[in-house]
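Below you'll find the structure, written out as structure tokens, and then a few comments.
The values are calculated or read from the model by the stated rules, or taken from the named source; none is laboratory data. The structure presented is a predicted model; accordingly, all values stated were derived computationally and were not measured. Cβ coordinates were reconstructed from backbone atoms using ideal geometry, including for glycine residues, and neighbour counts include every protein chain displayed. All accessible areas refer to the heavy atoms of the entire protein, side chains included, with ligands and DNA or RNA removed. Shrake-Rupley method; radii C 1.70, N 1.55, O 1.52, S 1.80 Å.
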Amino acid sequence: MYLEKDKRKNPVGYSIARWIVMSLSPACLKMPGSILSNLEGMMESIDTFFHPSNQGAWTEILAQIIFHLVDFFVMRLNREYSGELDVPKDRQINDELKRRFVLSLKEVMFMGLFSKRAKSLNYFFGAIQGLSYLEPQLILPGALQRFYPSLQGLVEVHRTQSSLCGLQMT
């Protein structure tokens, strides 16, 4: 299978995320080989690539994918609720699908929040904002639990700066 070149020059993460989010439906919740279960498995298998000490050529593309996944999910959810996006009832996002989507990205997003690269950090700040909008009870306690210790000690200055910016975004 060959993919056509993106004529609009969107980042690779944009196209990947759009394809994944637009393929999600409540039917994914019950099927073991669904796009949602594969997304969960992928995030579990690559979570070490998000660690702040593990930076490389992959850092920005992974941050982009996380940001665009969250951005497209929020956009789709809002457009479905407003009636702007006409989606069959059996494919509309429900609460359980939203919860599992947030849980699949939560841990990698938390690790990425302390990235040492400014551009990647901005993607993760956008992601925490979107995930907090979707499921605040799942994201905010974990964010605060990670931010407070970073504000108390000044050993890792990048964590202090990331925590202050993260608090602003949530």
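Assorted remarks:
- When residues of the stretch 107-117 are limited to those that are within 13 Å of the chain's Cα centre (by Cα) and closer than 15 Å to Gln64 by Cα, the one most open to solvent (accessible area, probe 1.4 Å): Met111
- Scanning the stretch 25-59 for residues that are out of contact with any Asp or Glu (no Cβ under 9 Å at 6 or more places or on another chain), open to solvent by 60 Å² or more (accessible area, probe 1.4 Å) and not aliphatic (A, V, I, L, M) returns Lys30, Pro32, Gly33, Asn38, Ser45, Thr48, Phe49, His51, Ser53, Trp58.
- Restricted to the stretch 78-94, and to residues there that are polar (S, T, N, Q) and part of a helix (DSSP H, G or I), the residue that is nearest to Pro26 (Cα to Cα) is Asn78.
- Of the criteria (1) open to solvent by 80 Å² or more (accessible area, probe 1.4 Å); (2) hydroxyl-bearing (Ser, Thr, Tyr); (3) under 17 Å from the mean Cα position of the chain (by Cα), which one Ser120 fails: (1)
- Considered as a group, the residues in the stretch 126-155 that are of a type in the set (Phe, Trp, Tyr) and either modelled with pLDDT of 90 or more or under 14 Å from Met109 (Cα atoms) (or both) include one that is surrounded by the most Cβ atoms within 10 Å (Cβ to Cβ), and that residue is Phe147.
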